[in-house]
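Visitor: Quick one: this structure, given as structure tokens, is what I'll be asking you about.
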Amino acid sequence: MGGQITVGTSNASRCLGIARGEPGIFLNYSSGSGIVVTPYRLYVHGNSTYMASCPIAIEMA
């Protein structure tokens, strides 16, 4: 099984600081479709048909 997890609280600045140091994938529903790739972020936006086509699979290959 996995290790022990300790739940804690902190302020928003600390959470954002940790998040900025890790790679991230952002999925957003919108009327326009597209993908933006940066060194540490992958942004995918589009409607439900576009999202169902799994555009992220192409970027992750």
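The values are calculated or read from the model by the stated rules, or taken from the named source; none is laboratory data. Being a predicted model, the structure only gives us computed values, none of them experimental. Virtual Cβ from ideal backbone geometry, glycine too; neighbours counted across all protein chains shown. Heavy atoms of the whole protein, side chains included, go into the accessibility calculation; ligands, DNA and RNA do not. Shrake-Rupley method; radii C 1.70, N 1.55, O 1.52, S 1.80 Å.
Visitor: If r is the Cβ-Cβ distance from T9 to Y43 and R0 is 35 Å, what FRET efficiency results, to the nearest 0.05?
Guide: 0.80
Visitor: Taking the convex hull of the Cα atoms, report for the chain its projected area averaged over all directions, in nm².
Guide: Spelled out: convex hull of the Cα atoms, projected over all directions, averaged, 6.8 nm².
Visitor: Please calculate how many Å² of accessible area the chain carries per residue, with a 1.4 Å probe and no DNA, RNA or ligand atoms counted.
Guide: 83
Visitor: A further question on this structure: Please list, in order along region 10-18, the HN-Hα scalar couplings obtained from phi with the Karplus expression 6.51 cos²θ - 1.76 cosθ + 1.60 (θ = phi - 60°), rounded to whole Hz, x for Gly and Pro.
Guide: 8, 8, 4, 4, 5, 4, 5, x, 5
Visitor: Let me ask something additional. What's the carbon and sulfur percent of the chain's accessible surface, probe 1.4 angstrom, rounded to a whole number?
Guide: 60
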